[in-house]
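The values are calculated or read from the model by the stated rules, or taken from the named source; none is laboratory data. None of the values given here were measured: they were computed from a predicted structure. Cβ: placed from backbone, ideal geometry, glycine included. Neighbour counts: every protein chain shown.
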Ligand SMILES: Nc1ncnc2c1ncn2[C@@H]1O[C@H](COP(=O)(O)OP(=O)(O)OP(=O)(O)O)[C@@H](O)[C@H]1O
């Protein structure tokens, strides 16, 4: 792979007067033991927009995404420095209640991972743990989240059936419904369609496009057509740095940095 300089970068600034920022990082570094995987990344994520994180395998996309709701805390030997600003709070600081914070910043993983429970129970599990008991409220939550995840029509007559009996694409949309049942502001998705066939991928993409009216969405994807199709902004990761961050149409059609151009035109990766 050609060696690209991390000094050669273009990061679009989003003026807070015109762009409401949901979450941002400032000089974020992530270390696995002695090894530094993220080298000081500063990025803003605009509210009610989709931002795609792209880059070759090992460039740090998942590590960065996981740090946004402190999932890296679960990996022994991981250290994260710098700020993660969410509503004037640095959620990377010690005194943050991580459990509470994750209610605001939900996550959907690469492989659909529904609980081995009914469709209904998958969605109501976390809200019930948070004290929601009223059956009518729970029924309504199940209906609205499944509608938002574009799954309601397919499952409304079988809410008691096991989530594991659903197709992969349906399971992933159920996981999206489960994540939004906690009413987060931000949804983090780590390659949510990479294990799915093209038709399921397309329904998941449509679901995300419909969800961006209510949520700020940050998605890791290897699929550049997918990034181009659904995202408003794209960040290009290379060896733990972000070399380019801009509106998606610019990144794909008028990249400012050679490394980005080489990557999006398939010269490496
Ligand atoms: N749990 C871990 N322990 C140690 N090193 C890790 C761990 N997870 C990731 N890394 C290293 O951090 C770097 C970034 O990995 P990461 O998975 O974030 O990249 P990625 O861009 O998401 O890759 P992919 O597209 O293949 O998922 C790599 O060098 C990887 O080997």
Checklist entry - Would you pick out the residues in the range 166-193 that are closer than 23 Å to residue 99 by Cα, within 16 Å of the ligand (Cβ to nearest atom) and in contact with a helix residue (DSSP H, G or I) (Cβ under 7 Å, 6 or more places away or on another chain)? => result 188, 190, 192
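Taking residue 95 as the residue in question, decide whether it is over 25 Å from residue 192 (Cα atoms), at pLDDT below 95 and more than 16 Å from the ligand (Cβ to nearest atom). Let's see the steps before the verdict.
Values: over 25 Å from residue 192 (Cα atoms): yes; at pLDDT below 95: yes; more than 16 Å from the ligand (Cβ to nearest atom): yes.
Yes.
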Checklist entry - When you look at residue 83, is it more than 23 Å from residue 208 (Cα to Cα) and modelled with pLDDT of 95 or more, yes or no? => result yes
Item to check | Members of the range 31-70 that are surrounded by 19 or more Cβ atoms within 10 Å (Cβ to Cβ), under 18 Å from residue 83 (Cβ atoms) and within 10 Å of the ligand (Cβ to nearest atom) | outcome: 37, 38, 60, 63, 64, 65, 66, 67
Item to check | Odd one out for residue 121, checked against (1) closer than 27 Å to residue 263 by Cβ; (2) away from the ligand (no atom under 16 Å from the Cβ); (3) in a helix (DSSP H, G or I) | outcome: (1)
Checklist entry - Among the residues of the range 114-137, how many are surrounded by 14 or more Cβ atoms within 10 Å (Cβ to Cβ) and over 21 Å from residue 100 (Cβ atoms)? => result 8
Checklist entry - How many residues are assigned to a loop (DSSP other than H, G, I, E, B) and touching a residue at least 12 places away in the same chain (Cβ under 8 Å) if we restrict to the range 1-12? => result 7
Next on the checklist: I need the full set of residues from the range 194-248 which are within 14 Å of the ligand (Cβ to nearest atom), surrounded by 19 or more Cβ atoms within 10 Å (Cβ to Cβ) and either within 22 Å of residue 180 (Cα to Cα) or more than 17 Å from the chain's Cα centre (by Cα) (or both), in order please.
Outcome noted: 218, 219, 220, 221, 226, 227, 238, 240, 241, 243
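Kindly provide the set of residues from the range 176-193 that are under 13 Å from the mean Cα position of the chain (by Cα) and more than 13 Å from residue 143 (Cα to Cα), ordered by number. Spell out the reasoning first.
At the first step, the residues of the range 176-193 found to be under 13 Å from the mean Cα position of the chain (by Cα) are 176, 179-180, 184-193.
Result: 176, 179, 184, 185, 186, 187, 188, 189, 190, 191, 192, 193.
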Item to check | Long-range neighbours under 7 Å by Cβ, at least six apart or interchain, first residue at positive phi within the range 56-70, second within 7 Å of the ligand (Cβ to nearest atom) and in a loop (DSSP other than H, G, I, E, B) | outcome: 60/240
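In this structure, does residue 112 turn out to be within 13 Å of residue 189 (Cα to Cα), more than 15 Å from the ligand (Cβ to nearest atom) and touching a residue at least 12 places away in the same chain (Cβ under 8 Å)? Lay out the reasoning, then the answer.
Numbers: within 13 Å of residue 189 (Cα to Cα): yes; more than 15 Å from the ligand (Cβ to nearest atom): yes; touching a residue at least 12 places away in the same chain (Cβ under 8 Å): yes.
Taking the combined requirement at face value, the residue satisfies it.
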Checklist outcome for this item: The lone condition residue 176 fails out of (1) closer than 16 Å to residue 203 by Cα; (2) without any contact (Cβ under 8 Å) to a residue 12 or more places away in the chain is (2)
Checklist entry - Among (1) modelled with pLDDT under 95; (2) within 16 Å of the ligand (Cβ to nearest atom); (3) on the phi < 0 side of the Ramachandran plot, which single condition is residue 77 missing? => result (3)
